[in-house]
1. Of the numbered conditions (1) modelled with pLDDT of 80 or more; (2) loosely packed, with under 12 Cβ neighbours inside 10 Å; (3) aliphatic (A, V, I, L, M), Ile403 fails exactly one; give the number of that condition.
2. Just a yes or no: is a residue in region 362-383 basic (Lys, Arg), surrounded by 12 or more Cβ atoms within 10 Å (Cβ to Cβ) and under 16 Å from Val439 (Cβ atoms)?
3. Collect the residues in region 181-226 that are in contact with a strand residue (DSSP E or B) (Cβ under 8 Å, 6 or more places away or on another chain) and either of a type in the set (Gly, Ala, Ser) or in a loop (DSSP other than H, G, I, E, B) (or both), keeping them in residue-number order.
4. Which one is modelled with the lowest pLDDT among residues in region 47-95 that are more than 18 Å from Leu139 (Cα to Cα), touching a Ser or Thr at 6+ places or on another chain (Cβ under 8 Å) and crowded, with 17+ Cβ neighbours inside 10 Å?
5. Quick check: is even one residue across region 173-191 closer than 30 Å to Ser103 by Cα, surrounded by 14 or more Cβ atoms within 10 Å (Cβ to Cβ) and modelled with pLDDT of 85 or more?
6. Determine the pairs where a residue that is more than 20 Å from Pro453 (Cα to Cα), located within region 329-353, has a partner that is surrounded by fewer than 16 Cβ atoms within 10 Å (Cβ to Cβ) with Cβ atoms under 7 Å apart, the partner being 6 or more residues away or on another chain.
7. Please work out if Phe348 is aromatic (Phe, Trp, Tyr) and surrounded by 15 or more Cβ atoms within 10 Å (Cβ to Cβ).
Amino acid sequence: MEAIEELSQLSDSMRQAAALLADEDVDENSSSKRSSTFLNVVALGNVGAGKSAVLNSLIGHPILPTGENGATRAPISIDLQKDGSISSKSIILQIDNKSQQVSASALRHSLQDRLSKSSSGKNRDEIYLKLRTSTAPPLKLIDLPGLDQRIMDESMISDYAERNDAILLVIVPAAQAPEIASSRALRLAKEYDGEGTRTIGIISKIDQAASEQKALAAVQALLLNQGPTKTSDIPWVALIGQSVSIASAQSGSENSLETAWRAEFETLKSILTGAPQSKLGRIALVDALAQQIRKRMKVRLPNLLSGLQGKSQIVQDELVRLGEQMVQSAEGTRAIALELCREFEDRFLQHITTGEGSGWKIVASFEGNFPNRIKQLPIDRHFDINNVKRIVLEADGYQPYLISPEKGLRSLIKGVLELAKEPARLCVDEVHRVLIDIVSAAANATPGLGRYPPFKREVLYLKKLNLFAFCCCSFSI
């Protein structure tokens, strides 16, 4: 458990480094904060394989519904945070910024109610929970419906399994171990992780196959890496079906869970007498997860470090270009800010004058949409001879005029301008939206702004505020 907590801290540091390379704000409250995929664990297996029971064992609470007939009918994502300050029996549900203590049975019944609405097999919406416990490692567990259910098409599987660093749990019941080579879960894991660096095989329900010698022999072979060729590069772990009834363990002492997991280990050891003890039970599964997460981090670190070095060199070059002495004073900071503003303004004007990016939409609004709306106005009816006579007479108070009906003409012109007001307003709104898009695009195309996220946000805010005021004035004129 401690190993995964250390990896969690490293994962957060790597996330911040990745955000820095993408010119994102790494502030904790930033909306662009990325969620690390290193700590994602995706359960793959057929209906009744015991996926939910395995994840319940990891959580330490019987939260996920289980059953032989496919209890999981929609993807369930559980974001776990370890909190050593609370009791092993406690579960804290977090919704937005609020926390509420709940029971495992209440959560399970709530999930059962929500899953029952997915019984038609058409609901693909993910159910998301964020929990704090003292018993679970800081992982994001994803419980998918059985691979042999109608809802599980390739696109849904790829949404979760294709993420480069998510750990894939291939869960197969012990009774099906002799036919492991034909397992769809194993085939999919091989498709998404050909090198086996983020896959763990789990043989569940060992207790239910305790009397089947052929199944136990196949399980022992897998644990000894002597199974079929396609299984030899994957670490395998054996578990009991319900991890020694977690639900009953909850009613005991604070150490009841540890006692239950030790009992599970002893039971597995008595059934699988020739298997390596380091591959038995819930503790072995946590250790295997830590090893695979560490492997993925080792794969990613070289590219990340290379990118950071390149980023550092860019910053150094920029400092040399601007003059290192400039950033050591208020005047130097102002000079950098003005230089970045000029670069941003140049990019902004380039989009508008050349039509780059969304710039062409401005011309399209003035030369396309606006004239088309003007053509649709009832101007012919407004200048119909009878209408003109009526307006002239009414405007002049039915009095004769000596030279020209000035009041009538003004009334006619005012009427036309009123008709044109709505097309003009729509045109201004369209151009304003395009300009807002151009502002964001120009800011993203200004490399220097990305190195100062707070300054970039302020520039964007002021520019958009200025555009809003300009568009309001333009329309009022």
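The values are calculated or read from the model by the stated rules, or taken from the named source; none is laboratory data. No experiment lies behind these values; they were computed from the predicted model shown. Heads up, the Cβs are rebuilt from the backbone with ideal geometry, glycines too, and the neighbour counts pull from every protein chain shown.
1. Every listed condition holds for Ile403 apart from (1).
2. no
3. Within region 181-226, Ser183, Ala185, Ala189, Asp193, Arg198, Gly201, Ser204, Lys205, Ala209, Asn225 qualify.
4. Here the residue is Ala71.
5. Among the residues of region 173-191, at least one is closer than 30 Å to Ser103 by Cα, surrounded by 14 or more Cβ atoms within 10 Å (Cβ to Cβ) and modelled with pLDDT of 85 or more, which makes the answer yes.
6. Gln350/Glu356
7. The answer is yes for Phe348.
Yes/no matrix, rows are residues, columns are (1) in the same structural domain as Trp236 (by TED's automatic domain parsing); (2) in a helix (DSSP H, G or I); (3) modelled with pLDDT of 70 or more; (4) surrounded by 15 or more Cβ atoms within 10 Å (Cβ to Cβ):
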site	(1), (2), (3), (4)
Ala290	yes, yes, yes, yes
Val299	yes, yes, yes, no
Leu308	no, yes, no, no
Asp317	no, yes, no, no
Ile336	no, yes, yes, yes
Arg342	no, yes, yes, no
